[in-house]
Structure formats: C-alpha cells, structure tokens
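Written out below as structure tokens is the structure these notes cover.
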C-alpha cells in the first residue's frame, strides 16, 4: 500500500506539456520509451531530479485507472521497443548503411525475484533524451478532461494512456522500482535511469552498454507479481502484441510466430496462411470458430485517401438467429496502428451489421495518441469506416455475380445482417447499397432461383415504375394468393418475400434505383378499388345487393369499414384491402400490443366480394334460410381472407367455428346437403 501511495505521489508531480509523437523515421525525436516530453534543468552526473507538479485531480484519475488494468504495461513497453527498433532500421535505410542487425525484442522473467525485463537493440537514448522525454501525462485540455471525467464512475485505462501518453508510466502501477539502461547509436556513453518509488528519478553515466535499451521492472507483491510468470506474459502478448512485425521472445522462446499477413501483397498470401491466421483470430474473438475456416476473404490495401491494410474473413459457420441476436453489441474486428493493437473489439470501425466479419484493420494514419476507446468523431476513423463499408459491399456484389451458387449458400447464413443494415441505416444511398445484396425468388423465375433487386429493375417493363413484392410463407401460397392473380394476368413480375425480415427491410428501403417498392396488396387495392366501385354501381340483382348489406351488418363496422363487389375474375370468394400499405399493417400487427380486433379498427379494412364465386352464390340463399349457419360461414370466409393477407391476430376461435360448421353440414336432414 505504501508503494502504491508513493506511485500516486509521483504521478501527481509529473510535468504538463503538449504531446508530440515522432514519426518512426524521424531521428531527431528519439523518445521511444516516453510518448511525451518535458523540460528540466540540466542534470549533473548521478544527480536526482524531482518531477514537477501537475493537476491533482487528473493524476487521481490516472492513478486509479492505471491501477485497474495492469496488464497493458506489457503492451506499452513492447510498443515503445518496437518504435525504437523501427527508428534504428529507418536510420540505416536513410544512410544506406549495410548492416546485418537482427532486430528483436527480448523479454525475460524471474518469478522468484518478481522481475520482468524488456530489451531491444533499437536506436537507444542519451542523457538529453532521458531528461527531455521523461513522459508527461497531461495536455493543455487536461482541466476540461478532469471536469468531464469527474462525473463518471470509472475511467478506462485505455482512455488515459491514449489521450495523455503515459504508456511508459503504466509500468509504475505494478513496480516497486524501474531501471532503464540505454546507449544511443553513435555514442560511446551509456546511461542508467532509476526510479525507486518516490517523487524523483536519477540519471548517471555508465560504461559497457550495447546500443539499445533495457528496462528492468521489479514487480510489487500480490497481483502484480503474476507478470513475472512466463505464461502470463505470453498470454498478454498474444492478446495485444502478437502481430508486432519484429520477433518477440520470452525467456528465449519466440512468441509471435504468425506474420502480420494483412500487410503482405494479397497475391503472396496462400490459403493455408489465411486458414492459420483465421484460427489465430478466432481464439481471441470467437472460440467456437477455432476449427472453422473462411468462406470469403476480403484483403484490401490502399494508401489514399488514407492508409489502410485490412484483412476480413467470413466464417463458413452459418449464424443462427440466437447467435445473431446475442452478438448485437460485439465485434470480431481488431484495430491496429502499425501492427500494434489499439482496440480488440472495434465495434465502431465497421457498421454493426457487419459484425459477422472476423479480421484486422491497420492504418498508419490513425493518431497514435488516439483514445483506444474509439473516438467515434475522429475524422480519420469516420473516413476509414466509409471506405471499408464501400469495399465490403462491392466485394459481396462482385461475389454474387461471379459465383451465385456460393453466394446463395453464404446468403442463407448471413442475410439477416444485410436486412438489419437496410433497416438501421439512415442514408438512403447506403440503404440501397446494402439492398443490392438481397436475394428473392421471383414469379418470373423457377422455384429456388434467386434474383437481386438490380436484376429485377433491369428486367422491368418500360412503363413500369414500381418494384412489386408479395409477402407469403411459401411460394405455393404466394402463387395462389388473390393478390397475385392480377399480376399473373398482366404478366407483371413480383418478388416473393417469405421472411418477415424481408418485408420489413423492403418497407424501410422504400425505393431502389429511383423505383418505388410496393407490396402486391397495395397495387391490387388500387386496381381492384376502381373495378369494385364500378361493379357495385352496376349491380342490378337485388339479392346480391341485399347480401352485401347483410355481410356488412353481420361482420360489423370494425371488421368491414366498407364492402364492395370484386369486379375482376378471381378464384377466391373474397379479398381484404386496407387503406395503409399492407406490409406496414402486418409489421404493426407483429410489433404492436393490440387486442383482438383493435388493429382492424385502425386499418379500416375493405371487404371485396366475388359475387360470381360458388360459395357466395350459395350464401345468398343460405343467409335467408339458415341465418345462424350463414353467419358462421361469413365469419369463416372473412377470417380466411385475413389469413391470406397476413392480418389474422388470433386464429384459435376458428377451430371451434369450423367444427360447428362441419357439424351443421353433416346433419342427416340438412337441407344444405339435400340435392
């Protein structure tokens, strides 16, 4: 506890200066261990230096946050070592030096001594570097940050490290003392930097050091001592730094054996390499996919408008509805900056409906001081999200055209994600972009053959301005629907939507390529409405007029807002239309908390009667001779029509009614059965 208090005192004394991160090849900035800068008076040999004071509240937040997630210090020190190695390599490239240096990061653990050591043969530091680049935590906006965070219960370690550049000092929350031994390339002097848990550090000159740096962290007793165990260190490396370009060894054993293949030329990556890499990613993101392999691989590289190296996979495993729902807030994509993990669950980097993708995205344009909590408003990330979304959609469009059979298999397992995308995107262009990935059966194609909206529009009749679809549980029911009869007679193509999600996303899209999307019922209502009105006016048979009046009275004004004769030829005794879009009415029924016939009162249905149908002809006589039985028949044909259009709320009463009708019809002396 005393050690921790000393650490907090130290952190409270750190100096405040703006954070400046050098590029890998900028040799003038060699602060590879300290992500920020500070000023101090010139030290003498072996002189101690006091850290300058800083805002108390901010450092309280830092101390608390860094203490809660200790393992990140391994990631930060590896990242610093990688930067140092990269700078030395860049220097040699710029000066055309021919060297055979084996760049590597060595980590050594000693469990008994509670010691973990990080070594690199990178650019190294001199005394000036050690003094000037001893990290600062705060920036000029630290006061605002404190005010914003003071109302929150917990502040993320990632946020603190990302915004204030305290990567090196993350080690202080696990250490009793820290020793840095370093020699800068080109200098014959080495230096020893020491911190023993207080409010000061010391720098002294020392001899016989190799070029590079060595950090010795003596760990505190308790939970922190876990990081002196080899297995624990390897676990953290696998989580955060597995794809660091340079070799990382722990106690002499290479850890990161899989290359960062997303940085390679896509043509040079074999299917075996993809399988191995996919399984490595699955261990972290989706253990149930560890024995799976990718069915699609999206390998994308670009340097403009922003630098991006991405590798995304579609698992062969089909997603169940339960998995679809349970993974709504998860992402299987990791964000890297120069091969260093920034965020393992980068759920804001791709739209949520692409969460089935497994992979990595790496960009050198992502600010290294970016909060690893994913700043949604960061301009680079917003642009990166747009570029990747366009790339993923265009990839699937091309795959659909290239191999429809394979795409169909993929679509059967992942179509829910695309439908979600259409429903959740606000931009119409994006809706249509995702909508181009949807597939449907068509009345113009044989059963089992799927078509896209683009293909439908390309086949449209010249005078057709609308895309028609019919929602039905199956193709057989769709082809025998009263709402399809008129389309069939006029040879108009209709898309068949068998899933409620299909209809919902078509409702959400509303149009595609400047063509309105309409349900078949909506078109039928307009067409049949005109014919019905004419037919009603020209009815001369008093019995038929009487039947229409009787049906409206018997069924009630809630069920029948209006009643008309069906002027077109139909195989069905009746049909229902509503004033609203029928698809919207069905969706309202699915999600609305309505009772009994409340939805009918809202929808104001019109009942269209086919006066030439045998059932209706028989009902004209029956409602006079046996009004009770006729009432049962009228209610049944009405419910049949409700079922046909998908507006039946509760069908439980139908069973009892059907049994009663059958009982009446099967009575020995029933006049109905008498020839």
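The values are calculated or read from the model by the stated rules, or taken from the named source; none is laboratory data. None of these values were measured; they are calculated from a predicted model. For neighbour counting, all protein chains shown are included, and Cβ atoms are generated from backbone atoms with ideal geometry for every residue, glycine included.
Assorted remarks:
- Residue in region 461-474 that is within 25 Å of residue 640 (Cα to Cα), touching a residue at least 24 places away in the same chain (Cβ under 8 Å), surrounded by fewer than 17 Cβ atoms within 10 Å (Cβ to Cβ) and not assigned by TED's automatic domain parsing to the domain that holds residue 386 present: yes
- Scan region 299-318 for residues that are crowded, with 16+ Cβ neighbours inside 10 Å and farther than 23 Å from residue 239 by Cα and the total you get is 4.
- Selection status of residue 192, within 23 Å of residue 104 (Cα to Cα) and either in contact with a strand residue (DSSP E or B) (Cβ under 7 Å, 6 or more places away or on another chain) or in the same structural domain as residue 120 (by TED's automatic domain parsing) (or both): yes
- Hey, residue 435 touching a strand residue (DSSP E or B) at 6+ places or on another chain (Cβ under 8 Å), farther than 15 Å from residue 524 by Cα and either crowded, with 16+ Cβ neighbours inside 10 Å or in contact (Cβ under 8 Å) with a residue 12 or more places away in the chain (or both) or not: yes
- Exactly one residue out of 174, 179 is under 23 Å from residue 229 (Cβ atoms), surrounded by fewer than 18 Cβ atoms within 10 Å (Cβ to Cβ) and either at pLDDT 90 or above or under 46 Å from the mean Cα position of the chain (by Cα) (or both): that is 179.
- Screening region 182-210 for residues that are under 14 Å from residue 84 (Cα atoms) and in contact with a helix residue (DSSP H, G or I) (Cβ under 8 Å, 6 or more places away or on another chain) and picking the one that is surrounded by the fewest Cβ atoms within 10 Å (Cβ to Cβ) gives 185.
- Considering the conditions (1) part of a loop (DSSP other than H, G, I, E, B); (2) over 8 Å from the mean Cα position of the chain (by Cα); (3) at pLDDT 90 or above, residue 356 is excluded by exactly one of them, (2).
- Extreme residue, farthest from residue 415 (Cα to Cα), among residues of region 473-528 that are under 30 Å from the mean Cα position of the chain (by Cα) and part of a loop (DSSP other than H, G, I, E, B): 514
- In this entry, residue 344 passes the filter for residues that are in the same structural domain as residue 276 (by TED's automatic domain parsing), over 17 Å from residue 307 (Cβ atoms), touching a strand residue (DSSP E or B) at 6+ places or on another chain (Cβ under 9 Å) and modelled with pLDDT under 80.
- The one condition in (1) buried (at least 17 other Cβ atoms within 10 Å of the Cβ); (2) touching a residue at least 24 places away in the same chain (Cβ under 8 Å); (3) under 30 Å from residue 588 (Cβ atoms) that residue 639 fails to fulfil: (2)
- Here is the figure for region 428-453: residues that are touching a helix residue (DSSP H, G or I) at 6+ places or on another chain (Cβ under 9 Å) and more than 20 Å from residue 498 (Cβ to Cβ) total 5.
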